[in-house]
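This report concerns only the one structure given below.
The values are calculated or read from the model by the stated rules, or taken from the named source; none is laboratory data. What you see is a predicted model; the values in this text were computed from it and never measured. Virtual Cβ from ideal backbone geometry, glycine too; neighbours counted across all protein chains shown. These area figures cover heavy atoms from the full protein model, side chains too; ligands, DNA and RNA do not enter into them. Shrake-Rupley method; radii C 1.70, N 1.55, O 1.52, S 1.80 Å.
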Amino acid sequence: MRAHVAVALLRPTLRAVPWISVAAGALLGLILVAVPASLVELEPRGWATVLRLAAVAGAVGAAFLLDDPADRTTVVMPTPRLLRRAVRVALLLPLLALWWAAALLALRALAGAAQVDGLPLAGLTVEAVALLAAAIAIAALAGGTGDGGVTGAVGVLAGALLACLPPRPYALVLEPADPAWDGVHGMWALVIAAALIAFAVAGRDPGAQRLTHVLFRRPPWQ
Amino acid sequence: MSTTTERLPPGVAGESTANRIAVAWAVLALARVEVVRLLRHPAVLLALAAMAALWVTLRLGGATWTRFPVLHEQDRATQDLALLPGLAALVAGNLAVLRSRRDGTEELYGVLLLPRWARTGAHLLALLPLALLVGAAAAVHLAALAAAPGAVGQVNPWEVATGPALVLLLGAVGVLIGRVVPSAVAASLAVVLLLLAFDVMTSPVFGLPGRPVEWLTLVVGERLGQEGLTPDLLARPAIWHVAYLTGLALVVACGTLLRDRAPRIPLLAALVAAALGTVTAGALQLRPVSEEVRAARVAATERPSTRQTCETAGTVTYCTFAGYGAWIREWRPVVEAVRRLLPRGPAERPLVVRQRMVATNPAPEDGNSLAVPPPPLAAWRADDRAAGTPGAVTAGTAWGSGRDAFGLAGLVAHRATGATDADDVLCGGRAIVLLWLAARATPETATGFVEAMRASGGDVFFETAPYGPSVHVTERDVAVVQALLRLPTERVGDEIRADWDALTAAKVPTAKVAARFGLSAPPQPPKAERTVGTEGC
């Protein structure tokens, strides 16, 4: 029954998503990769920064995914908010995967394979996924009325900037070939997990009973 | 008719003085509200907290630059951090401008007498207190650094003022974006673009660092080959850079107001004046370094003694550039610790420690040259002879790390063992005694020795001058020194003092020194595997 509803939701959701914001972020991300790739030669460190900034641009755009001026009216629908939001994410995910692949391919095609070979693309992809997940999760947490995109965008920007600040041994943003690379990417995977949990919690309907109420409800005889 | 015009909003018609004053009051009242909202915006609070946290934690952690700060380098370091509140101002200013659109009240404002440009003006004015706050934070930070006992140099107030100017410029850009693009995504993406720009412009690949054109960007960092200059030789056009950034901020602000139909004539005049000022300041900061400063740099590099004051403590004389006197207190324990380990003769020989730097002038046609010329060793020898201090030991214009202490101790020991500047590879007795003295002197030099070893994978290099020739000690000798360091200091020290002449004579084989202390020297690597210059060891 839920699957049936989800399929039925696909087309209207496709129309409701603010594609311009999402596309603006993705487009800027591609430009950020393509322009340096066709102009300059960088060290692996430089390309890692370029890819990270492209991921931040994509995440900033994707933060607006859940924005919906009609949120106050759809809240009364029997379809749970989590399902409605999940449909939006499901629509975006294949596109974002294609976008990230396109960014990596553009880098390889324009800068040459020799420039890209030393790059730990798997780790950078984990960071990109973490940024996207964090952006959408913050937007979901803030967007009780369908306007969390701003908070999500600013939040992921601030998070990305602050992640660069801690000095070693607490650094989260490392240069490729750093010995601590694998350990730090465990932290980034934790960010993804936390974002997923936050997304699920934020998807609870406002009318639903609070968890605390369910757990600590007074017995009816009192 | 005239009564009707006077009630119309200013900027539309009826430019009476009373109206102008009323609008000005309204703008100020609005600005007051916006100031509070901007200052307590989460992005701004987060940026200010991050800035403060970084300063405080590094201070508490005892980072080298907080214990021995060079104030004329730390003042410009506040600019990089001011980018954080600057970017926060861009985002927060933009969101404040778009607030009415988000809340759907833009149409309601249309019925107010106060015109749209006055609201924009209030948003722009609201940036001023944040800029002042950033400047005040930087001033407090620098005052705290200056209070450290190891602080040297002097703060350039214009370098401190650059941070607030950045905040104004970035905030004004945020307001402009808010008025041009009616979506919050634009400002966030602008921040990403700016971040890439900062990163690209500071990477040498782009060819900007070191060129005068670099001054047209927002923050200009340290140039390669220009580190460790005394304040009088820096010649950074900081004042013109502040004027340039403030001018840009005014141009953006006037442009935004004009777009919102502010009174045409005064604002056009202001825009033209700001643009002219920006172009003038922008051009003035691109001027090449003046001839006097170029000559002073050459003089300070080649004839340091002419610009220094000296202070004698016991048999050691310390000569420093103006403003660096506080470090004599830091050098003395290291120098004296090495000399305490020496036998009586070398320990009582007078010694001069002279501060030296290599202040290179960029070539006139291309300031981007990454090559740093070798230190003028011949000129230094001549300078020492002229000053009556032959054989002075070099101390640099940076201090605080273990490597710095180890370098100074190494040079004092180098001089004591009778090695000359011409020896670029030391081996055998001299090398072992020298490294043991330098590493044993103080706890700082001991950590410096370990760092030096780690930095070059077993061998040890230490510079006899900034960027200058290094003295190279091979891994084999270093291994003997490590073994010696594990023996009791008293015993090794006594035996070195007793056998000083035999141990520090030229070409004493490593194995013989090791055997002298009951150690076994590692085997000599085959000749083909030795590094260049060490074949004779």
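Can you sort B:His414, A:His4, B:His41 by solvent-accessible area, 1.4 Å probe, largest first? Numbers along the way, then the final one.
Working: B:His414 5, A:His4 135, B:His41 40 Å².
Most to least solvent-accessible, the answer reads A:His4, B:His41, B:His414.
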* Just from the alpha-carbon atoms, what are the Rg and Dmax of region B:48-179 in angstroms? -> 18.6, 62
* Ordered by residue, what ³J(HN,Hα) values in Hz, to whole numbers, does region B:189-197 give under the Karplus form 6.51 cos²θ - 1.76 cosθ + 1.60, where θ = phi - 60° and Gly and Pro are x? -> 5, 4, 4, 4, 4, 4, 4, 5, 4
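Once the convex hull of the alpha carbons of region A:1-41 is built, what does its volume come to per residue, in cubic angstrom? Please list the in-between numbers first.
Details: hull volume 3.5 nm³, N = 41.
Cα-based convex hull of region A:1-41, divided per residue, equals 85 Å³.
Run through every distinct alpha carbon pair of chain B and return the Kirkwood hydrodynamic radius in angstroms, one decimal place. If you can, show how the numbers build up before the last one.
On the way: mean 1/r = 0.0368 Å⁻¹.
That comes to 27.2 Å for chain B.
Taking only the C-alpha atoms, wrap a convex hull around the protein assembly as shown and report its volume per residue in Å³ as a whole number. Each step should come with its number before you reach the end.
Details: hull volume 186.2 nm³, N = 759.
Dividing the Cα hull volume of the protein assembly as shown by its residues yields 245 Å³.
Shape of region B:431-497 from its Cα gyration tensor (a ≥ b ≥ c, root eigenvalues): rounded if a/c is under 1.5, otherwise prolate when a/b > b/c, or oblate?
Details: a/c = 1.81, a/b = 1.68, b/c = 1.08.
Prolate shape, in that a/c is at least 1.5 and a/b is the bigger ratio.
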* Asked: For the Cα atoms of chain B, what angle does the longest principal axis make with the long axis of helix B:328-340, in degrees from 0 to 90, nearest 10?
  -> 20 degrees
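How long is the gain from B:Leu113 to B:Glu311 if the chain were fully straight, where each residue apart is worth 0.36 nm and the alpha carbon distance is subtracted? All intermediate terms of the calculation are to be shown ahead of the outcome.
On the way: separation 198, 0.36 × 198 = 71.28 nm, distance 7.24 nm.
Gain in length upon complete extension: 64.0 nm.
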* Using a Förster distance of 30 angstrom, determine the FRET efficiency expected from the C-beta separation of A:Thr73 and A:Ala97, and round it to 0.05. => 0.40
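Find out how many positive minus negative residues lie around A:Leu107, taking Lys and Arg as positive, Asp and Glu as negative, among other residues whose Cβ is under 13 Å from that of A:Leu107.
0
How large a share of the accessible area of the protein assembly as shown, in percent, is made up of carbon and sulfur atoms when the probe is 1.4 Å and the other protein chains stay in place? Can you show the working numbers first?
On the way: 23280 of 35690 Å².
That fraction is 65 percent.
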* Candidates per trypsin sites (Lys or Arg not before Pro) in region B:45-81, loop by DSSP, up to 15 other Cβ within 10 Å -> none
* At 1.4 Å probe size, with no ligands or nucleic acids counted, give the accessible surface of A:Leu196 in Å², nearest ten. => 110 Å²
* Pick out which of A:Ala160, A:Ala16, A:Ala171 has the largest mean-square fluctuation in a Gaussian network model of chain A, springs linking Cα atoms closer than 10 Å. => A:Ala171
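Take chain A, mark every one of the trypsin sites (Lys or Arg not before Pro) that falls in a DSSP loop and has at most 15 other Cβ within 10 Å, then report the longest stretch left between them, sites excluded.
Longest gap between qualifying sites, sites excluded: A:1-203.
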* Any idea what the relative contact order of chain B is, in percent, if you count C-alpha pairs under 8 Å spaced at least 6 apart? -> 12 percent
* ³J(HN,Hα), Karplus 6.51/-1.76/1.60, whole Hz, each residue of region B:507-521, x for Gly, Pro -> 6, 8, x, 4, 4, 5, 5, 4, 5, 4, 9, x, 10, 10, 7
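Please average, across the residues of B:174-185, the number of beta carbons from any other chain that are within 10 Å of each residue's own beta carbon, and give a whole number. Show your work: numbers first, answer last.
Details: counts 0, 0, 0, 0, 0, 0, 0, 1, 0, 7, 11, 16.
What the average comes to for B:174-185 is 3.
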* **Diffusion coefficient, µm² s⁻¹, Stokes-Einstein with Kirkwood Rh over alpha-carbon pairs of region B:270-412 at 10 °C and 1.306 mPa s** => 89 µm²/s
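State whether region A:76-191 is rounded, prolate or oblate according to the following rule on the C-alpha gyration tensor (a ≥ b ≥ c being the square roots of its eigenvalues): a/c under 1.5 gives rounded; otherwise a/b larger than b/c gives prolate, and the remaining case gives oblate.
Numbers: a/c = 2.59, a/b = 1.53, b/c = 1.69.
Since a/c reaches 1.5 but b/c is at least a/b, the shape of region A:76-191 is classed as oblate.
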* To do: Could you state the angle between the C-alpha long axis of helix A:181-202 and the longest principal axis of the C-alpha atoms of chain A, as a value from 0 to 90 degrees rounded to the nearest 10?
  => 20 degrees
* Asked: At q = 0.25, 0.26 Å⁻¹, what is the log10 ratio I(q)/I(0) for region B:301-364, with the Debye formula run over Cα points and no solvent?
  -> -1.07, -1.12
* To do: Could you work out the mean projected area of the convex hull around the alpha carbons of region A:1-84, in square nanometres to one decimal?
  => 7.1 nm²
* To do: Among A:Ala134, A:Ala114, A:Ala194, determine the one that fluctuates most according to a GNM of chain A built with springs between C-alpha atoms less than 10 Å apart.
  => A:Ala114
* Structure fact -> Kirkwood radius from Cα pairs of region B:262-344 plugged into Stokes-Einstein at 4 °C, 1.567 mPa s, gives D in µm²/s equal to 72 µm²/s
* Asked: When only the heavy atoms of the protein chains count and the probe is 1.4 Å, how do A:Leu190, B:Leu39, B:Leu170 rank by accessible area, highest first?
  -> A:Leu190, B:Leu39, B:Leu170
* Asked: So how far apart, in nm, are the two label points at B:Val36 and B:Glu490 if each is 7 Å from Cα heading toward Cβ?
  -> 7.3 nm
* Structure fact -> On the formula 1/(1 + (r/R0)^6), with r taken between the Cβ atoms of A:Ala189 and A:Arg45 and R0 of 30 Å, the FRET efficiency rounded to 0.05 is 0.85
* Asked: When all protein chains stay in place, what accessible area (Å², nearest 10, 1.4 Å probe) is found for A:Ile197?
  -> 110 Å²
* Asked: Taking the Cα atoms only, what angle lies between the long axis of helix B:443-455 and the longest principal axis of chain B, rounded to 10 degrees?
  -> 80 degrees
* Over the heavy atoms of B:Ser16, what accessible area does a 1.4 Å probe trace out, to the nearest 10 Å²? -> 30 Å²
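Charges only on Cβ, +1 for Lys and Arg, -1 for Asp and Glu: so what's the dipole of chain B about the Cα centre, in debye to the nearest 20? Mind dumping the intermediate values first?
On the way: 49 positive and 44 negative charges, 170 e Å.
My answer is approximately 820 debye.
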* With contacts defined as alpha carbon pairs under 8 Å and 6 or more residues apart, what's the relative contact order of region B:1-160 in percent? -> 39 percent
* To do: Pick out which of A:Ala128, A:Ala200, A:Ala70 has the largest mean-square fluctuation in a Gaussian network model of chain A, springs linking Cα atoms closer than 10 Å.
  => A:Ala70
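Taking a 1.4 Å probe, which of B:Cys427, B:Cys310, B:Cys319 shows the most accessible area, and what order do the others take after it? Walk me through the numbers on the way to the answer.
Details: B:Cys427 40, B:Cys310 80, B:Cys319 0 Å².
In descending accessible area the options line up as B:Cys310, B:Cys427, B:Cys319.
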